[in-house]
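The values are calculated or read from the model by the stated rules, or taken from the named source; none is laboratory data. The shown structure was predicted, so the numbers you read here are calculated from the model rather than taken from an experiment. Quick reminder, even Gly has a Cβ in these numbers, built from the backbone with ideal geometry, and neighbours come from all protein chains shown.
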Amino acid sequence: MINGSIDKNRKNPKVLVENKITFSGPETELSIYDTFEQANRVALKSDQLLFCGMVTGKKVMHSPADQFETAFFPHESFVMAPDKMVEIDFPEAKFNQPTTCLAIEISTDRISQIAESLNADSPIAQTYGEWQYNHHLVHTHHNSQTQALLNRIVQIYTENHQDRNCMIDLAISELTIRLLRHQTRGFLLHHSEQEPDNNGLNAALYYINHHMTETLNIEHLCRIACMSRSKFFHQFKAHLGCSPIAYQQQIRLKQAVELIKQGKQITHVCFALGYSNTSHFSRVFKQFYGISPSAYKNRHLL
């Protein structure tokens, strides 16, 4: 993720905890943080939204105000609302194996502009309100597309390209849209659990969530949603950002990590969630999380 020109500037850190290299862009800023020794309760705060992505190592994030504590690993995102403060532990940092994280500050005005564009171009059903940023902490695994986007953002920020500002603007817009979609999806899923009979999409989501191990019958889902096949696919993708089958795959994999964290055997997890063989399960798990199920288990149970 981090190119050679930056590595040269990181070999002789000025500080050993949260050594920072910063690159500015239009209404945004990219910082790369390296920590070379173990430390506890290091404060982090920004007056803008802060999108963090782990590169190497492990952090433990604490939010005293929200009574929130979680481990933070590569291929995961942590989003802080403006003026929120977290405290960070670095339990594994070493001089020759630093814990590295990138953080992208995005102005609140920029987020509002993108939300307005989404509301104009891709409005969601009135039941769910409108696209907007909710000011709370977000910690999630991000998919391979988001990981590739973060890699690209670092490259754009650090290259002296003649169209650098324009390219940064486009990439940050994409990152913000992904965040807004993630938050809206969370609200949608909560709404469908609380009120499955409110509308057709809620009914379909409720059914998928409660039959995640079964092979989906699209015609049955269309009947549940009281929609034609074409309308159902259009509504589902507009609100969830993917097809029903892709969505089912995602919730299966999210359930898989919860079971693995509980110490369940990987073979048991595979068949319990409806996968026909362990090699297929391992392949889709690694595509989604960037790490094999066994490596994930070792990471979280050690």
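On the basis of being within 17 Å of the chain's Cα centre (by Cα) and either of a type in the set (Val, Ile, Thr) or buried (at least 17 other Cβ atoms within 10 Å of the Cβ) (or both), does Leu118 make the cut?
Considered against the rule, which asks whether it is within 17 Å of the chain's Cα centre (by Cα) and either of a type in the set (Val, Ile, Thr) or buried (at least 17 other Cβ atoms within 10 Å of the Cβ) (or both), Leu118 comes out as no.
Looking at segment 25-37, can you tell me whether even one residue there is over 29 Å from Ile291 (Cα atoms), in the same structural domain as Glu92 (by TED's automatic domain parsing), over 22 Å from the mean Cα position of the chain (by Cα) and not in a strand (DSSP E or B)?
Yes: one or more hits.
Tally time: how many residues in segment 213-252 are surrounded by fewer than 18 Cβ atoms within 10 Å (Cβ to Cβ), at pLDDT 95 or above and touching a Lys or Arg at 6+ places or on another chain (Cβ under 6 Å)?
0
Working carefully through the options Phe187, Phe271, find the one that is of a type in the set (Phe, Trp, Tyr) and under 19 Å from Glu130 (Cα atoms).
Of the residues listed, the single one that is of a type in the set (Phe, Trp, Tyr) and under 19 Å from Glu130 (Cα atoms) is Phe187.
Looking at Arg229, Arg181 in this structure, which one is outside the structural domain of Leu150 (by TED's automatic domain parsing) and of a type in the set (Lys, Arg)?
Within the list Arg229, Arg181, the selection yields Arg229.
Mind checking whether some residue in segment 55-65 is free of Cβ contacts under 8 Å to residues at least 12 places away in the same chain, under 20 Å from Thr140 (Cα atoms), surrounded by 13 or more Cβ atoms within 10 Å (Cβ to Cβ) and within 22 Å of the chain's Cα centre (by Cα)?
No, that holds for no residue.
Return the residues of segment 259-300 that are part of a loop (DSSP other than H, G, I, E, B) and among the polar types (S, T, N, Q); say none if nothing qualifies.
Those that are part of a loop (DSSP other than H, G, I, E, B) and among the polar types (S, T, N, Q): Gln262, Gln265, Ser276, Asn277, Ser292.
For segment 211-230, how many residues are within 29 Å of the chain's Cα centre (by Cα) and assigned to a loop (DSSP other than H, G, I, E, B)?
The qualifying residues number 7.
Count, please, the residues in segment 220-242 that happen to be within 22 Å of Ala120 (Cβ to Cβ) and touching a helix residue (DSSP H, G or I) at 6+ places or on another chain (Cβ under 7 Å).
The qualifying residues number 5.
Quick one: in segment 154-171, which of the residues that are free of Cβ contacts under 8 Å to residues at least 12 places away in the same chain and either more than 21 Å from the chain's Cα centre (by Cα) or surrounded by 15 or more Cβ atoms within 10 Å (Cβ to Cβ) (or both) is farthest from Ile104 (Cα to Cα)?
Selected residue: Gln162.
Taking the residues in segment 54-112 that are among the polar types (S, T, N, Q) and touching a Gly at 6+ places or on another chain (Cβ under 8 Å) as candidates, determine which candidate is farthest from Thr176 (Cα to Cα).
Taking the candidates together, the pick is Gln97.
Among (1) in a strand (DSSP E or B); (2) within 25 Å of Arg110 (Cβ to Cβ), where does Asp47 come up short?
It is condition (1) that Asp47 fails.
Mind listing whichever residues of segment 36-73 are polar (S, T, N, Q) and at pLDDT below 95?
Residues satisfying the conditions are Ser46, Gln48, Thr56, Ser63, Gln67, Thr70.
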